[in-house]
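See structure below.
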Ligand code: DLL
């Protein structure tokens with residue numbers, strides 16, 4: 001039996017509620033959401049009518065499968081405010097996500113949405129045992145990105161002392177971390193790695209800091225990367241997940257078991273689908289995560305295709321939360337590289353590199369096409385002594401990395417060792433893939 005640790009829950013009665021109770025709450029909230037979307041958002045009304053769906057056709061939670069998906073393009077087609085379900089005078093905050101192509105996605109929040117959001121962040125912080133006794137350094141960007149402001153108000157809600165430093169300015173981050181006695185760091189995992197490296201370079205020892213925990217999210221990262229960050233700072237590191245279209249951070253978070261992220265199922269209904277056929281997959285199978293908001297006022301979103309590949313974990317968690325967990329997403333289906341027919345996620349390569357002594361977790365993947373053949377080049381930083389070491393050792397390392405990538409990921413790659421600190425560092429989300437095939441399409 002799991003030993004419920006109620007002290008680490010912000011809303012214990014909700015976070016550990018019986019599944020049957022949860023399901024009836026979800027059904028009630030889903031029906032309300034569908035009604036609101038149909039009556040307030042022309043996009044949904046048209047979509048339902050095209051598919052001959054009446055808004056009162058949701059009689060059981062399974063009926064959600066009758067509803068059409070929402071995709072990012074729908075936000076673009078209704079840019080900027082067409083997906084909102086309330087008049088602008090009820091919107092009190094606007095965020096947006098940049099994306100790499102096309103118009104940004106614009107998202108809005110009512111006062112009640114902001115209150116819900118900060119409560120969900122309070123749950124996330126409590127799950128990592130962050131309390132009013134903590135000094136939290138928020139190194140996510142404050143601005144249109146949901147990371148900074150999203151985490152901020154939840155951190156105030158738990159009563160912690162919040163340092164809204166935002167992202168960037170690494171030297172200042174370190175000075176503040178040390179002088180202001182930061183105990184909890186919040187940023188992307190890649191920025192945490194960068195900070196750890198800068199700390200070592202500045203001669204700051206982990207014993208010089210009060211840091212005891214880190215809450216990282218906003219991009220995919222591996223357990224290997226987690227261990228590196230934990231070791232370098234001597235902290236506990238947990239993962240948290242979210243996306244602007246349905247809220248921002250606060251959709252799902254790890255507890256201290258660190259075995260998957262609990263989805264706040266009383267506010268978001270998760271499904272896993274086959275990304276090609278759109279069919280809902282049985283619980284526990286890997287596929288694309290689809291989320292439906294259950295309580296959003298300003299922006300109800302029905303069956304949003306996140307493009308994130310993950311699976312739901314059916315087993316109960318030892319922490320006592322009854323909410324299902326999702327595995328760390330291996331990546332986005334649109335970030336997945338298909339190299340000579342093999343599906344490759346950058347995180348798989350990261351896993352290999354992080355497990356090899358001498359490699360730094362800084363890498364870049366360059367995919368190109370030679371004739372009709374895809375080629376993958378992996379650039380990886382190695383620690384100094386290895387770089388200046390004899391050729392023989394370098395060659396052996398290259399060979400080992402190639403072998404491991406071939407056996408773990410299933411593709412052959414050329415590997416280039418580069419000197420420490422030569423690859424780009426990231427203050428927000430990392431960009432580790434260059435796909436040159438777009439400029440060099442297949443011949444013949
Ligand atoms: O990244 C919201 C967020 C901010 C989450 C801070 C956590 C912390 P977007 O900019 O809209 O929103 O990007 C959402 O980022 O669909 C995933 O592909 C990816 N992502 C977010 N968190 C994780 C994570 C924010 N923990 C997109 N693991 C999502 C893997 C993540 N991918």
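Coordinate-derived values only; no laboratory data. No experiment lies behind these values; they were computed from the predicted model shown. With ideal geometry, Cβ positions are generated from the backbone for all residues, glycine too; neighbour counts draw on all protein chains shown.
Looking at the chain, send over the antiparallel percent of its DSSP beta bridges, to the nearest 5. Walk me through the numbers before you get to the answer.
Values: 41 of 66 bridges.
DSSP beta bridges in the chain are roughly 60 percent antiparallel.
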*Compactness of the stretch 56-132, expressed as Rg and Dmax over alpha-carbon positions, Å*: 16.4, 45
_Distance from the stretch 174-189 to the stretch 316-364 (C-alpha centre basis), Å_ = 26
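Could you work out the relative contact order of the chain, using alpha carbon pairs under 8 angstrom and six or more residues apart, expressed as a whole percent? Intermediate results must be reported in sequence, preceding the final value.
Values: 902 pairs, mean separation 65.2, N = 444.
For the chain, the relative contact order is 15 percent.
Using only C-alpha positions, report the orientation-averaged shadow area of the convex hull of the stretch 337-438, nm², one decimal. Walk me through the numbers before you get to the answer.
Working: hull surface 27.1 nm².
It is 6.8 nm².
Divide by every residue of the chain the summed helix terms, -39500 (n - 2.57) for each DSSP H run of at least 4, and state the resulting mean residue ellipticity at 222 nm, rounded to the nearest 500 deg cm²/dmol. If you can, show how the numbers build up before the last one.
Details: 12 runs with 137 residues, N = 444.
-9500 deg cm²/dmol, from helical runs alone.
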*Which order results if 245, 200 are arranged by neighbouring Cβ count within 10 Å, fewest first?*
200, 245
*asked:* How large are Rg and Dmax for the chain when calculated on the C-alpha trace, in angstrom?
replied: 22.5, 72
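With a cut-off of 8 Å between alpha carbons and a minimum separation of six or more residues, what is the relative contact order of the stretch 183-263 in percent?
On the way: 114 pairs, mean separation 20.2, N = 81.
25 percent.
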_I'd like the distance between the alpha-carbon centres of the stretch 138-152 and the stretch 37-107, rounded to an integer number of Å._
24
*Classify the stretch 117-250 as rounded, prolate or oblate, taking a ≥ b ≥ c as the square roots of the eigenvalues of its Cα gyration tensor: rounded when a/c is under 1.5, otherwise prolate if a/b is larger than b/c and oblate if not.*
prolate
*asked:* Could you list 142, 363 so that the one with the fewest beta carbons within 10 Å of its beta carbon is first and the one with the most is last?
replied: 142, 363
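Tally the DSSP beta bridges in the stretch 337-438 and give the antiparallel ones as a percent, rounded to 5.
Details: 12 of 21 bridges.
Bridges in the stretch 337-438 are about 55 percent antiparallel.
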*Once the Cα gyration tensor of the stretch 266-328 is found, what semi-axes does its equivalent ellipsoid get, as square roots of 5 times the eigenvalues, in whole Å, sorted largest first?*
19, 18, 8
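When you count, for each residue, the other Cβ atoms within 10 Å and take the mean per peptide, how do 417-425, 292-300 rank with the highest first?
Details: 417-425: 13.8, 292-300: 23.6.
Descending packing order for the listed peptides: 292-300, 417-425.
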*asked:* With only alpha-carbon pairs counted, each pair once and no self-pairs, how large is the Kirkwood hydrodynamic radius of the stretch 352-406 in angstroms?
replied: 12.2
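Please work out whether the stretch 216-357 counts as rounded, prolate or oblate from its C-alpha gyration tensor, where a ≥ b ≥ c are the square roots of the eigenvalues and a/c under 1.5 means rounded, while otherwise a/b larger than b/c means prolate and anything else oblate? Present the calculation step by step, with values, prior to reporting the outcome.
Numbers: a/c = 1.77, a/b = 1.19, b/c = 1.49.
Taking the square roots of the gyration eigenvalues as a ≥ b ≥ c, the stretch 216-357 is oblate.
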*Gap separating the Cα centres of the stretch 196-236 and the stretch 280-295, nearest whole Å*: 31
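Pairs of Cα atoms under 8 Å, at least six residues apart: use those to get the relative contact order of the stretch 337-438, whole percent. Each step should come with its number before you reach the end.
Values: 155 pairs, mean separation 33.8, N = 102.
33 percent.
Peptides 266-278, 109-121, 210-222: what's the order by average Cβ count within 10 Å, highest mean first?
On the way: 266-278: 17.8, 109-121: 20.5, 210-222: 22.4.
The densest-packed peptide leads the list: 210-222, 109-121, 266-278.
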